[in-house]
Amino acid sequence: MTAYLKHKFGELVRLSPSSERETSRLPSAPPTDAAAVNHGTSVCASDSDLWKLAYERLQSDESLKSVIEQYKTILRDVVEEAKKDLSESKVLNAQGLPEEMVLVVQSKIDIMNTKQWKFQWRGKTLAVRNEVNRLVKVIKAISDPASAAASFNPYASLAWGGVCFLLPLILNDSDQLTLALEGIKTITDLIDQYRIIENVYVGYTHPTEKGGLGDAMVSLYQSILAYQAKAACYYSLKTTNRAFRNIVKKEDWLGMAGDIKDRNQTCRNIMRDTEFKVMQAALNKHTQMLEDILKNAQQHDTENERIPTWISSFPVESEHDDVRNNSLGSRYWSSGTWLLENETFLQWQASTSGTFWLRGPVGTGKTCAVCIAIEHLFKTATSARIAFFYCSKTRHSAESNDPKVVLGSLLAQLSYSAAGESIHPPIRAKYDNDKERRGNGAKLSQKEYTDLLIEVTKLNKQTIVVIDALDEGPNGQSFELLSSLQLISNESPAVKFFFSSRMEVRVNQHFQNTMDLTVIGQENSQDIKLFIIGEFFAPRRHVTDEVKATIRDQYGCQFPSILYPDGTATDGLKSGMTSEQGSRLIKALMNRAHGMFRWVELQLDIFLKPDKPIYIKEDFEEKLCALELDSPSELPDLDKAYDQTFNSNIPPADQKHAREYAVRALKWTLCSQRPLTLEELAYAISDDGSAKPLSEDVILQHCSNFIIKDNQGCVQHAHFSVTQYLEQRGLEFSRPTAHILAATTCLSYFNRPDSDLSGIFGRGWT
């Protein structure tokens, strides 16, 4: 037995002297053939059939019949995709699904080794990224020495193929991500560990003990395959409908993972109780090998993480998440088909180079359309490297729209290789050669960013750059940015650009053959209707169930996905709007919107204000008639809508102090040089910054539709048009007036030695 084990493990597992002594104490048993060791239901007749038996038992489980059939369909699609990347001889030799899954494993390992496996990193935490990178390194580590995929028995490849298939799939979906990822990690480690355990199991000859362990291992393998089948059905795009999603809850994932861990513990107990101690020695050796590999990889990754941060620390991913989750909202993630199905956009997407320019008046939903396009490109442009930036004045300070900041962010996003494992050589060389300047905290110049982007984009098969709101940068800086991007386009033929802006930015002066699409009303009318109808079903709008029922009857066929019963708000407030008025309001908004989402948002807050619903139907009728008198042929008056909102939100003159504090809050948002947290703003609006005259919630209520709180707890204007509106109101909100307020408050505070807000204003107020 000892000699056999040494031969079996070879260079992979070198047994220590203590391990050899443990091996010599294993119980001896006479040689036996397959027939002699098959006792009842025990498993040891064919040592290579453990995964096969698990697969067969899974197929015979009536409770999982429909899930298994769906899983087979999914795997066959995965197999067909893998066949495209493999030689014809390998494909012809595979017979049946289990053997074909060997092809999947081989294909995925080839992709990993050529650094072409791409994941949807956007919105994922560093912990998630690190865990996924660890799993990829584990899979590569066990496959490297002699292409272990070729030696996998076909049924074990069902498990390995499931891991390779599921890993990128679950990252495309945020639902239950942490739980599913933890399950995949557990499964990957167990499949790897039991590969080592089976090396010992095959050579062991004691029938009773071997049969008991075999049964336990088959039970474990069956639970692993069942977990993968359910996860594949849950996350596969072809089966992720709402009904199936509701079947698999958080408790189910925990229960399935717990079942796998329990069955693994049963196997370990058998190994401990029946002197399979040599298995533990083998596992310890293998675990140490993996830990060494992962430790070295972590050191490499840490260095790689420093370089993009040195290039740019701008939180571009949180910007995207803020737009997607707050500006757009999860209920409308499926909107935007007017853009994605537009012939001009499709022509640009199919091209290898060129520029697409989405332009339109203020408030027409361009930023949300860009967000939808970014999501779409990451899912469809699989061979391209993608970088994006939101030039929004409402989300960050004006200096963040500096061309150097934009170019630096683009370069940081493109600094990694396609697989994310290494930094592109030109960037690493710049980093290594600039040690002295890095030590002084100096950043790259605009020319250096541009030159590096040219070099990096030449290394990529395809690069797509998406920039939103070119018009929201400081005066003249959009021209500087476009000039640098033009140089990149001229030098790197495989770069495509997607820009959005208002009408006045002259993109076509910098980029020849620009493909443009203007948002003038008809293009996004269906999305506006979707938004209006959806808001009627939001609990915060206080729409009665009677009105909802009428709207559902009228529009249910068009928008079934958003007309689910949200119920009436639990605070007892109800709008006085009748069903007939609700239908008229929808029609009036649709006929007068002309593609302007922002105007629709303001009107909905006038008619269906969350904290102040119109209780009396006659009052509602008066406002509705005034709206219907506006000409449907004229563009909506955004300033008029802001005037109505301002007069409704800001306390009246007889509430002098409350009005003054609300006005101060808006002034601070106009002059602060960095985004203020909501708590900072609450202190800042006082006379000397020493106390909070209004609570954070009251500030948001008084300034509703003018300021919002972002994901980082900072205050920003709800839309770029808010900035323009306030500045056009005259002296009250002029920039000098706002700065005088800030200076006066700061000086008053500094004259109070007893006040200490260093914990709140750690970086200074302005």
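Remarks
- Residues located in segment 590-620, provided they are at positive phi and open to solvent by 50 Å² or more (accessible area, probe 1.4 Å): His594
- Boolean, Lys430 is under 19 Å from Thr309 (Cα atoms), open to solvent by 20 Å² or more (accessible area, probe 1.4 Å) and touching a helix residue (DSSP H, G or I) at 6+ places or on another chain (Cβ under 8 Å): yes
For (1) at pLDDT below 85; (2) in a helix (DSSP H, G or I); (3) of a type outside the set (Ser, Thr, Tyr); (4) surrounded by fewer than 14 Cβ atoms within 10 Å (Cβ to Cβ), each residue gets a yes or a no:
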{"position": "Asn513", "(1), (2), (3), (4)": "yes, no, yes, yes"}
{"position": "Leu517", "(1), (2), (3), (4)": "no, no, yes, no"}
{"position": "Gly521", "(1), (2), (3), (4)": "yes, no, yes, no"}
{"position": "Asp527", "(1), (2), (3), (4)": "no, yes, yes, no"}
{"position": "Ile533", "(1), (2), (3), (4)": "no, yes, yes, no"}
{"position": "Gln558", "(1), (2), (3), (4)": "yes, no, yes, yes"}
{"position": "Gly567", "(1), (2), (3), (4)": "yes, no, yes, yes"}
{"position": "Gly572", "(1), (2), (3), (4)": "yes, no, yes, yes"}
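- Test: Lys461 is at pLDDT below 90 and assigned to a loop (DSSP other than H, G, I, E, B): yes
- Per-region count, segment 702-714, residues buried (at least 18 other Cβ atoms within 10 Å of the Cβ) and charged (D, E, K, R): 1
- Residue within segment 445-457 that is open to solvent by 10 Å² or more (accessible area, probe 1.4 Å), part of a loop (DSSP other than H, G, I, E, B) and within 25 Å of Asp516 (Cβ to Cβ) present: no
- Among residues of segment 478-492 that are of a type in the set (Phe, Trp, Tyr), those with a Cβ under 9 angstrom from a residue that is open to solvent by 40 Å² or more (accessible area, probe 1.4 Å) and not in a helix (DSSP H, G or I), sequence gap 6+ or separate chain, pair up as Phe479/Arg506.
- Members of segment 730-750 that are open to solvent by 20 Å² or more (accessible area, probe 1.4 Å), under 27 Å from Ala641 (Cβ atoms) and in contact (Cβ under 8 Å) with a residue 12 or more places away in the chain: Glu732, Arg735, Thr737, Leu741
- Evaluation of Lys667 against (1) charged (D, E, K, R); (2) open to solvent by 50 Å² or more (accessible area, probe 1.4 Å); (3) within 30 Å of Ser392 (Cα to Cα) (one fails), failing number: (2)
- Positions within segment 470-488 being open to solvent by less than 30 Å² (accessible area, probe 1.4 Å), of a type in the set (Gly, Ala, Ser) and at pLDDT 90 or above, in sequence order: Ser484
- You will find that of His717, His657, the residue that is surrounded by 16 or more Cβ atoms within 10 Å (Cβ to Cβ) and modelled with pLDDT under 90 is His717 and no other.
- For segment 330-368, a tally of residues being out of contact with any strand residue (DSSP E or B) (no Cβ under 8 Å at 6 or more places or on another chain), more than 18 Å from Ser392 (Cα to Cα) and small (Gly, Ala, Ser) returns 5.
- Verdict on Tyr390 being aromatic (Phe, Trp, Tyr), modelled with pLDDT of 75 or more and open to solvent by less than 10 Å² (accessible area, probe 1.4 Å): yes
- Residue in segment 235-243 that is surrounded by fewer than 18 Cβ atoms within 10 Å (Cβ to Cβ), of a type outside the set (Asp, Glu) and either part of a helix (DSSP H, G or I) or modelled with pLDDT of 80 or more (or both) present: yes
The values are calculated or read from the model by the stated rules, or taken from the named source; none is laboratory data. What you are looking at is a predicted structure, and each value in this text was computed from that prediction instead of being measured. Cβ: placed from backbone, ideal geometry, glycine included. Neighbour counts: every protein chain shown. Surface accessibility is based on the protein's heavy atoms, side chains included, excluding ligands, DNA and RNA. Shrake-Rupley method; radii C 1.70, N 1.55, O 1.52, S 1.80 Å.
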